[in-house]
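Heads up: the structure comes next, in structure tokens.
Only the coordinates and a few stated rules stand behind these numbers; no lab work does. The model shown is predicted, which means the values in this text are computed figures rather than measured ones. Every residue, glycine among them, receives a Cβ derived from its backbone with ideal geometry; neighbour counts consider all protein chains shown.
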Ligand SMILES: [Mg+2]
């Protein structure tokens with residue numbers, strides 16, 4: 001049952017930020033800039049790179065390898081397919097160049113700012129994101145989100161010492177806001193990290209699901225929407241109805 005919601009928390013990558021689009025574009029740019037890759041066939045490279053990226057992310061989610069290892073190994077294994085050997089240090093340089101390109105692409109979104117400011121009139125808001133402090137802050141800065149959110153309203157896993165979907169990654173922010181889990185909603189695109197994590201932590205959740213994927217578990221989000229644009233259209237309306245129905 002939905003009680004009065006006081007706090008609205010968002011995921012960052014692929015929720016507030018179109019990370020996949022930027023990721024693909026920056027991967028393309030760095031491919032043609034780097035001496036390691038520029039002479040290879042892009043489509044073949046990218047196909048292997050995406051497969052290895054997915055494979056190593058799964059190992060990371062299982063807690064078997066670090067984020068740095070994901071970034072190193074997806075490139076090392078892809079280049080291996082082309083009989084090309086590179087060191088982990090060289091793979092780190094490739095990633096750093098890629099990230100530089102990615103950050104360069106990130107632009108502020110006025111419609112998003114407006115929506116968050118509108119929400120802020122009725123609720124406390126914030127971000128909980130998995131990732132490295134320096135990288136996540138760089139994205140938030142390029143999005144100009146500091147105009148909308150204070151430092152205290154941004155929670156980064158590296159800083160908290162725990163990642164979503166662990167309950168603790170949701171409870172640390174809730175304690176800071178002084179809000180009970182039942183009075184908070186979490187909005188994100190990852191079923192496991194965001195929806196399962198938030199619901200298991202006692203919160204409500206809204207699933208951003210652009211690919212129209214099937215829900216892999218029985219967890220019940222408040223509702224499912226395609227992206228931030230559709231959320232903006234649907235949510236305050238749906239939310240009022242939910243609030244009314246719960247009275
Ligand atoms: Mg995400």
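Values as computed for the structure displayed
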item	result
The chain: angle of helix 133-142 to the longest principal axis, Cα-based, in degrees nearest 10	70 degrees
19, 170 arranged by Cβ crowding within 10 Å, fewest neighbours leading	19, 170
Mean separation of Cα contacts under 8 Å (6+ apart) over length of region 20-105, as relative contact order %	37 percent
At q = 0.09, 0.12, 0.13 Å⁻¹, base-10 log of I(q)/I(0) for region 80-202 (Debye sum, equal scatterers on each alpha carbon)	-0.33, -0.56, -0.64
Angle between the chain longest axis and helix 110-122 axis [Cα atoms, degrees, rounded to 10]	30 degrees
Translational diffusion coefficient (Stokes-Einstein; Kirkwood radius from C-alpha pairs) of region 143-227 at 25 °C, 0.890 mPa s, in µm²/s	181 µm²/s
The chain: radius of gyration over Cα atoms, expressed as a fraction of 2.2 N^0.38 Å	1.08
Likely footprinting exposure, 175, 196, fewest C-beta neighbours within 10 Å first	175, 196
For region 110-160, the fraction of alpha-carbon pairs in successive 10 Å shells from zero, as %	25, 55, 20, 0
Whole-percent pair-distance distribution, where bins are 5 Å wide, for the alpha carbons of region 20-105	3, 15, 25, 29, 20, 7, 1
Relative contact order for the chain, counting Cα pairs under 8 Å that sit 6 or more residues apart, in percent	23 percent
Per-residue Cβ neighbour rank within 10 angstrom, fewest leading, 213, 160	213, 160
